[in-house]
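The values are calculated or read from the model by the stated rules, or taken from the named source; none is laboratory data. All of these numbers come straight from a predicted model, not from anything done at the bench. Cβ sites come from the backbone with ideal geometry, for glycine too, and all protein chains shown count toward neighbours. SASA here: full protein model, heavy atoms, side chains in, ligands and nucleic acids out. Shrake-Rupley method; radii C 1.70, N 1.55, O 1.52, S 1.80 Å.
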Amino acid sequence: MGWETRERGGRYYTRSRKVGGRVTREYVGTGLVAELVAGRDAAERRQRAEPELAIRGERNRLAPADAALEAFDAAAEAMARTALVAHGYRRHHRGEWRRRRGA
């Protein structure tokens, strides 16, 4: 999407659209009309990006808590694994825990 400059044609604005699953270039024009359309397209892109920016900000805000939760989960998993192995259990095909025979 954007402005193109050609050797003989000057500067003109085009945008890409999906038509029938294929991307096609749509010629918009030159001059004031093209500038207005380009401005509107940029505003629409900014508006579509706002929710993603908000989500990204929320993820960044929650990242320290998420890291702490992952560390806690790993520690709890290690403690549970240690307790189960100490009491004679094993992992069956890397899945469920089963008691060893004769233990």
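For this structure, a couple of remarks:
- Qualifying residues in segment 20-32 (those that are modelled with pLDDT under 90 and among the β-branched types (Val, Ile, Thr)) - the one farthest from Gly10 (Cα to Cα): Val28
- Test result for Ala68, of a type in the set (A, V, I, L, M) and within 26 Å of the chain's Cα centre (by Cα): yes
- Restricting Glu35, Glu77 to residues that are out of contact with any His (no Cβ under 8 Å at 6 or more places or on another chain), open to solvent by 80 Å² or more (accessible area, probe 1.4 Å) and under 30 Å from Gly2 (Cβ atoms) narrows the list to Glu35.
- Selected residue [within 30 Å of Val28 (Cα to Cα), basic (Lys, Arg), surrounded by 10 or more Cβ atoms within 10 Å (Cβ to Cβ) and at pLDDT below 95] from Arg45, Arg100, Arg91, Arg56: Arg45
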